Amino acid sequence: DTAVSQTPKYLVTQMGNDKSIKCEQNLGHDTMYWYKQDSKKFLKIMFSYNNKELIINETVPNRFSPKSPDKAHLNLHINSLELGDSAVYFCASSQNGGPYEQYFGPGTRLTVT
Amino acid sequence: QKEVEQDPGPLSVPEGAIVSLNCTYSNSAFQYFMWYRQYSRKGPELLMYTYSSGNKEDGRFTAQVDKSSKYISLFIRDSQPSDSATYLCAMTTGNQFYFGTGTSLTVIP
């Protein structure tokens, strides 16, 4: 069973479109994260949710909106996609009190043309 | 100045060598120090984490943290071809997270 799963794995879309990426974890963790990894492998945190509540909201364009319907799911919706949004987006989760022990999903490779 | 600095490599070593990977940082508030391994087109996988200064060993891997120098290291003993990957250091204050850019390692059989 996959601990942290993401869909889709690949996403190719045109500029200006709106798209969503979904994440689910079956580890029973309370905290979930979204990260962006650019072409130079730099991994940067975007958002963090604890038990459906937003706790970290780094400086990202407000075209990016996370949504957590329950503590096992964290989705990322992106409006008006731009070329610079092309990257790999990773979801991760951790147990409460253990931000240092994060489990990552396989990533969603987003290409904006 | 970046919060976390890591030499991107690439680093190429023969099988069986001892590998040393390093990161420096600027924020003295960091409390937890992590090392992740990332294979090509996969998500990062946690190898080990350390709280504050000191050493931690897990099999062939040893993590060291020197908070006075703001310097952390990961040593891999008896390196194997399966260790070929990108190694990312990461640090957190608890609610701030920063990753290094990763060091690409190739272990040659």
Study note, to complete from the structure: Pairing a residue in the range B:10-26 that is charged (D, E, K, R) with any residue that is surrounded by fewer than 16 Cβ atoms within 10 Å (Cβ to Cβ), where Cβ atoms lie under 7 Å and the two sit 6 or more apart in sequence or on different chains, gives B:Glu15/B:Gln80; B:Glu15/B:Pro81; B:Glu15/B:Ile108; B:Glu15/B:Pro109
Practice item. Look through the range B:25-46, keep the residues that are surrounded by fewer than 16 Cβ atoms within 10 Å (Cβ to Cβ) and more than 11 Å from chain A (Cβ to nearest Cβ), and return whichever of them is nearest to B:Lys67 (Cα to Cα). Key: B:Ser28
Point to revise | Residue list for the range B:67-80, restricted to those being surrounded by 13 or more Cβ atoms within 10 Å (Cβ to Cβ) and within 21 Å of B:Glu5 (Cβ to Cβ) | key: B:Lys67, B:Lys70, B:Tyr71, B:Ile72, B:Ser73, B:Leu74, B:Phe75, B:Ile76
Exercise for review: Take A:Asp18 and decide whether it is within 16 Å of A:Lys67 (Cα to Cα), modelled with pLDDT under 95 and over 14 Å from the mean Cα position of the chain (by Cα).
Suggested key: no
Review point. What residue, of A:Glu82, A:Glu58, A:Glu53, A:Glu24, is surrounded by fewer than 20 Cβ atoms within 10 Å (Cβ to Cβ), of a type outside the set (Ser, Thr, Tyr) and closer than 27 Å to B:Asp7 by Cα?
Key: A:Glu58
Practice item. Would you point out the residue of the range A:84-113, among those that are outside any strand (DSSP E or B) and more than 12 Å from every other protein chain (Cβ to nearest Cβ), that is modelled with the lowest pLDDT? Key: A:Gln95
Practice item. Might you let me know whether the range B:85-107 holds any residue that is more than 14 Å from chain A (Cβ to nearest Cβ) and among the hydrophobic types (A, V, I, L, M, F, W, C)? Key: yes
Review point. Got at least one residue in the range A:34-49 being in contact (Cβ under 8 Å) with a residue 12 or more places away in the chain, over 13 Å from the mean Cα position of the chain (by Cα) and over 23 Å from B:Gln38 (Cα atoms)?
Key: no
Check your understanding: Among (1) among the polar types (S, T, N, Q); (2) touching a residue at least 24 places away in the same chain (Cβ under 8 Å); (3) more than 8 Å from every other protein chain (Cβ to nearest Cβ), which single condition is B:Thr50 missing?
Key -> (2)
Check your understanding: Among the numbered criteria (1) within 14 Å of another protein chain (Cβ to nearest Cβ); (2) not in a strand (DSSP E or B), which single criterion is violated by A:Leu81?
Key -> (1)
Study note, to complete from the structure: By my count, strands (runs of 3 or more DSSP E) wholly in the range B:4-109 with at least 1 residues that are under 25 Å from A:Thr108 (Cβ atoms), within 15 Å of the chain's Cα centre (by Cα) and of a type in the set (Lys, Arg) are B:32-38
Study note, to complete from the structure: Scanning the range A:31-59 for residues that are in a loop (DSSP other than H, G, I, E, B) and either among the aromatic types (Phe, Trp, Tyr) or more than 14 Å from chain B (Cβ to nearest Cβ) (or both) gives A:Phe42, A:Asn51, A:Lys52
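The values are calculated or read from the model by the stated rules, or taken from the named source; none is laboratory data. Computed from a predicted structure; not experimentally measured. Counting neighbours? That spans all protein chains shown, and the Cβs are built from the backbone with ideal geometry, glycine included.
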